[in-house]
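Q: This is the structure I have questions about; it appears just below.
The values are calculated or read from the model by the stated rules, or taken from the named source; none is laboratory data. Keep in mind that what you see is a predicted model, and the values were worked out from it rather than measured. Cβ atoms come from the backbone with ideal geometry, glycine included; neighbour counts cover every protein chain shown. Each accessible area value is taken on the protein alone, full model and side chains, heavy atoms only, with ligands, DNA and RNA left out. Shrake-Rupley method; radii C 1.70, N 1.55, O 1.52, S 1.80 Å.
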Amino acid sequence: MKVLVIGSGGREHALSHKLKQSERVDEVFVIPGNDAMVNVATVVSDIKETEHDQILNFAKEQGVEWVVIGPEQPLTEGLADVLTQAGIKVFGPNQKAAQIEGSKSFAKELMAKYDIPTAEYAVVTTKQEALDYLDSHPAPIVLKQDGLAAGKGVIVAMTHEEAVGAIELFYQNGDAEVVFEEFLAGEEFSLMVFVNDDFIIPFDVIAQDHKRAYDGDLGPNTGGMGAYCPVSHISDDVLKVTNETIAYPIARAMHEEGLNYFGLLYIGAIITEDGPKVIEFNARFGDPECQVLLTKMESDLIEVLEALERKEDIQLQWSDDAVVGVVLASEGYPGSYDKGHKVYGYDGSLDYYISGLKKEEDWVTSGGRVMLAVGKGASIQEAVERSYKKVGQITSDGLFHRKDIAHRAL
């Protein structure tokens, strides 16, 4: 069969690679892809993610059987609806269901309605309302910009000054919907769940992301600076409770609301004194968690999708390896950064998943997060050493990386 992946980042590079490994798959296309994805797919760079009609026409002309949508933007803009209405199978939720990521207030209201454990919250729309709320709910506090923000629209304000700065930032262009949440202390983890309406196949391996830009979990929030799995210091009991109190209930809630969710649901959770609580939902694989989890997964992804479509239980198969991924990002990320820095040492190896490289005479940077170096090993320590060895093979004057990925597991 032929499959089409939508997106251009490291997550889509990993998805394309995983789909290419299936004995059932003859060809993988990726729209728009990037120059490094030629090692796993036919890159169709002249169509944009936003050009839904052209994507549909391409899928029809090529006889594509499955489309896998990687990023959030095409989901919230309704690409899945366009394709499914034309009879093409899509792994990725419809526009209405994708609101669970696209609108933080929608997600919070859904959790409140169905008693799914999460932080206490309030939604405000004006700067004065935000300042008034802060007066009665002092820092530490979390502020979230409603809508999509590529993982960077969240500010964890530990001081009053930081909270005021966040309000100034979020309201610099006038009124906006901002979600305030109580600050939750605890350890975070990422659980991925395959969802078909009221039926789910939860991953039995969790990952842990590193959101902050700098070592020691300091600096601004990013889309993710690295990830690892398994997270052996978080017990199976925590995973069991998370499934019972969050994963199954949110699937039932979406079913009750008539959302007809079909796709991957990302649960960003935190372990509190009261048990696991939801920090955020994403309507697609987390990035960079996707890269490490799919590296560890031995199951055929197409077989999983077809079992999900039929609502048949399937036991996910995993290698015994620990997997660690370290992001190399452009200096200045997640703020402003320069593009076009030369990058040496990348040879097309699938030990790297690429999100921000472009091939000119040399490889040059073209994005904020540029690449993820993957290491596998019999232990987290071994996987860490191997991933950082891969990092060390890359040289550029325009990149930085965290040096403490997976530190909680060591």
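Q: Which far-off residues, 5 or more places away or on another chain, put their amide H under 5 Å from the one on HIS341, with H placed in the peptide plane?
A: When sequence neighbours closer than 5 places are left aside, the close amide H contacts are THR365.
Q: Another one. Name the residue from ILE246, GLY275, PHE285 whose Cα lies farthest towards the positive end of the charge dipole of segment 185-310, charges +1 on Cβ of Lys and Arg and -1 on Cβ of Asp and Glu.
A: The listed residue farthest towards the positive side: PHE285.
Q: Starting from the Cα-Cα distance between GLU298 and HIS407, subtract it from 0.36 nm times their residue separation and give me the gain in nm to one decimal.
A: Between GLU298 and HIS407, full extension yields an extra 36.7 nm.
Q: Right, here's the next one. What is the distance, in nm, between label points placed 7 Å from the Cα along the Cα-to-Cβ direction at LYS359 and at ASP274?
A: That separation, rounded to one decimal, is 5.3 nm.
Q: Return the sequence-ordered ³J(HN,Hα) values of segment 265-270 in whole Hz as given by the Karplus equation 6.51 cos²θ - 1.76 cosθ + 1.60 applied to θ = phi - 60°, using x for Gly and Pro.
A: 10, 9, 10, x, 10, 9
Q: Round to a whole angstrom and tell me the spacing of the C-alpha centers of segment 91-114 and segment 232-282.
A: 13
Q: Still on this model: Run through segment 57-146 and list the chymotrypsin sites (Phe, Trp or Tyr not before Pro) located in a DSSP loop whose Cβ has at most 16 other Cβ atoms within 10 Å.
A: Sites meeting the loop and neighbour criteria: TYR114.
Q: Can you work out D for segment 185-310 in µm² s⁻¹ from Stokes-Einstein, where Rh is the Kirkwood radius over C-alpha pairs, the temperature is 20 °C and the viscosity is 1.002 mPa s?
A: 141
Q: Once R0 is set to 51 Å, what does the formula 1/(1 + (r/R0)^6) return for the Cβ-Cβ distance between SER319 and SER136, expressed as a FRET efficiency to the nearest 0.05?
A: The computed FRET efficiency comes out at 0.50.
Q: Further question: Return the calculated 222 nm mean residue ellipticity for the chain, to the nearest 500 deg cm²/dmol, obtained by summing -39500 (n - 2.57) across DSSP H runs with n ≥ 4 and dividing by the residue count.
A: It lands at -8000 deg cm²/dmol.
Q: In whole Å, what are the extents of the chain along the principal axes defined by its C-alpha atoms, from largest to smallest?
A: 59, 50, 43
Q: Could I ask something else about it? What accessible area, in Å² to the nearest ten, does a 1.4 Å probe give for LYS311?
A: 90
Q: Can I ask one more? Which cross-chain or sequence-distant (5 or more) residues have an amide H under 5 Å from the amide H of ASP215, H modelled 1.01 Å from N in plane?
A: Counting only residues 5 or more places away or on other chains, the set is LYS403.
Q: How large is ³J(HN,Hα), in whole Hz, for each residue of segment 160-169 in order, when computed from phi with the Karplus curve 6.51 cos²θ - 1.76 cosθ + 1.60 and θ = phi - 60°, using x for Gly and Pro?
A: Calculated HN-Hα couplings, in order: 4, 5, 5, 5, 5, x, 5, 4, 4, 5 Hz.
Q: Which ³J(HN,Hα) values in Hz, rounded to whole numbers, follow from the phi angles of segment 285-290 under the Karplus curve 6.51 cos²θ - 1.76 cosθ + 1.60, where θ = phi - 60° and Gly and Pro get x?
A: 4, x, 10, x, 4, 3
Q: Can I get the semi-axes of segment 254-392's equivalent ellipsoid? Compute them from the C-alpha gyration tensor as square roots of 5 times the eigenvalues, in angstrom, largest first.
A: 31, 20, 18
Q: Follow-up. Given segment 58-186, what percent of its DSSP beta bridges are antiparallel, to the nearest 5?
A: 80
Q: Where a ≥ b ≥ c are the square roots of the eigenvalues of the C-alpha gyration tensor, would you call segment 289-364 rounded, which needs a/c under 1.5, or, failing that, prolate if a/b is larger than b/c, or oblate?
A: Verdict is prolate for segment 289-364.
Q: On alpha-carbon atoms, Rg over Rh for segment 27-74 using Kirkwood Rh?
A: With Rg and the Kirkwood Rh in hand, the quotient comes to 0.92.
Q: Calculate the spin-label point distance for THR50 paired with GLU161, positioning each point 7 Å from the Cα along the beta-carbon direction, and give it in nanometres.
A: For the pair GLU161/THR50, the computed spacing is 3.9 nm.
Q: If you don't mind, there's one more thing I want to ask. In terms of the Cα gyration tensor, with a ≥ b ≥ c the square roots of its eigenvalues, is segment 120-182 rounded because a/c is under 1.5, prolate because a/b exceeds b/c, or oblate?
A: Rounded.
Q: Would you list HIS13, HIS255 from the most to the least accessible area, probe 1.4 Å?
A: Highest to lowest solvent-accessible surface, that is HIS255, HIS13.
Q: Run the quick spin-label model on ASN173 and GLU309: label points 7 Å from Cα toward the beta carbon, then report their separation in nm to one decimal.
A: 3.9
Q: Can you compute the equivalent ellipsoid semi-axes for segment 31-168, i.e. the square root of 5 times each eigenvalue of the Cα gyration tensor, sorted largest first and rounded to whole Å?
A: Output for segment 31-168: semi-axes of 39, 18, 12 Å.
Q: Same structure again: Within segment 285-304, name every residue whose backbone N is under 12 Å away from a label modeled 7 Å from Cα of GLN21 along the Cβ vector.
A: Answer for this model: 291-302.
Q: Determine the gain in length on full extension of the stretch TYR248-LYS2; use 0.36 nm per residue of separation and subtract their C-alpha separation, reporting nm with one decimal.
A: Here the answer is 85.4 nm.
Q: Then there is this: Can you spot the lysines whose alpha carbon is less than 24 Å from LYS48's alpha carbon? Ignore those fewer than 8 places along the same chain.
A: Cross-link targets: LYS2, LYS18, LYS20, LYS60, LYS89, LYS96, LYS152, LYS339, LYS358, LYS359.
Q: Sorting HIS137, HIS341, HIS52 by accessible area (1.4 Å probe), largest first, what list results?
A: Highest to lowest solvent-accessible surface, that is HIS137, HIS341, HIS52.
Q: Okay, which of segment 371-403 sit inside 18 Å, backbone N to the point 7 Å along the Cα-Cβ direction of HIS233?
A: Residues 379-385, 403 qualify, since their backbone N sits under 18 Å from the label point.
Q: Using 0.36 nm per residue of separation minus the Cα-Cα distance, give me the extension gain between ASP35 and ASP197 in nm, one decimal.
A: Here the answer is 54.7 nm.
Q: Given H placed 1.01 Å from N in the peptide plane, which residues other than close sequence neighbours of ILE206 have an amide H under 5 Å from its amide H?
A: Under 5 Å from the amide H of ILE206: VAL231.
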